[in-house]
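Written below as structure tokens is the structure these notes are about.
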Amino acid sequence: MTKAEKVDFTIKTLREIYPSIPVPLDHKDPYTLLIAVLMSAQSTDVRVNQITPLLFEKADNPYDMVKLSVEEIREIIKPVGLSPMKSKGIHGLSKILIEKYDGVVPQEIELLEEFPAVGHKTASVVVSQAFGIPAFPVDTHIHRLMYRWGFTNGKNVVQTEKDAKRLFPKEIWNDLHLQIIWYGREYSPARGWNLDNDIITKTIGRKTVIDNYYKAKKTRKKIES
């Protein structure tokens, strides 16, 4: 298969598996999405979705959020981890939103990246999911799969994002990045990976990745027998 055929196969397969795409983080507007994505760093979406209702019950907009102290925010979001940094970030960005943007979340990645605790990935998620602006946020699932599929050299997420944007049509980026995330979780995880269930990697995967998978499988069988 040529690289172009592999890309087409990937897009087609993901569309078949995920014709409608659920958004992983519960939110009701750009502000609550921004806060949820910030909270999801080094945590799980499931955990974040359990905690955000508790936070948003007290403050679901920047004006109410700044009325809470950093300590109060931290106490609520503790279960998602990294709470000292995240609580400062939530309070700080809410203050900036009020002072600079009249409480309205800006739609530009560059402006979002200026907020405390907001990196490129968080900003990309917000513009794509809240505003429908084409972006390709790369998380650990996308980084892993793009390497497994031979679409990037896997050196770092910056390179992976560049390669993804070069290979895939811009008009499908917003759907595709979510489809790859769901596929990575359900069919091509980092641990407990079963290649037989992973139709995309099995069909177009990097040869060294597939060879290493079978080598590791053989070694496990020897140990068990």
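The values are calculated or read from the model by the stated rules, or taken from the named source; none is laboratory data. Quick caveat: nothing in here was measured; it's all calculated off a predicted structure. Neighbour counts are summed over all protein chains in view; Cβ atoms, including those assigned to glycine, are modelled from backbone coordinates with ideal geometry. Please note that ligands, DNA and RNA were not included when accessible areas were found on the heavy atoms of the full protein model with its side chains. Shrake-Rupley method; radii C 1.70, N 1.55, O 1.52, S 1.80 Å.
Excluding Ala190 itself, what net charge comes from residues whose Cβ is under 15 Å from its Cβ, given Lys and Arg +1 and Asp and Glu -1?
That works out to +1.
Normalising by the residue count of the chain, find the relative contact order in percent from Cα pairs under 8 Å and 6+ residues apart.
So the answer I get is 17 percent.
For region 137-176, list residues with backbone N below 12 Å from a point placed 7 Å from the Cα of Trp182 toward its Cβ?
175-176
Taking R0 as 30 Å, what's the FRET efficiency between Tyr101 and Ala4 from their Cβ-Cβ distance, rounded to 0.05?
Once the sixth-power term is evaluated, E becomes 0.10.
For Arg15 and Lys215, what is the calculated FRET efficiency with R₀ set at 41 Å and r taken between the beta-carbons, to the nearest 0.05?
Given R0 = 41 Å and the Cβ-Cβ separation, E is 0.80.
Calculate, for the chain, the solvent-accessible area per residue in square angstrom, rolling a 1.4 angstrom probe over the heavy atoms of the protein chains.
52 Å²
With contacts defined as alpha carbon pairs under 8 Å and 6 or more residues apart, what's the relative contact order of region 70-163 in percent?
About 15 percent, as a whole number.
State whether the chain is rounded, prolate or oblate according to the following rule on the C-alpha gyration tensor (a ≥ b ≥ c being the square roots of its eigenvalues): a/c under 1.5 gives rounded; otherwise a/b larger than b/c gives prolate, and the remaining case gives oblate.
Cα axes put the chain in the prolate bin.
Under the 0.36 nm per residue contour assumption, what length would be gained going from the current alpha-carbon distance of Leu111 and Ile172 to full extension?
Length difference between fully extended and current span is 19.6 nm.
Place +1 on the Cβ of every Lys and Arg and -1 on the Cβ of every Asp and Glu in the chain, take the dipole about the Cα centre, and give the residue among Tyr187, His177, Val125 whose Cα lies farthest towards its positive end.
Tyr187
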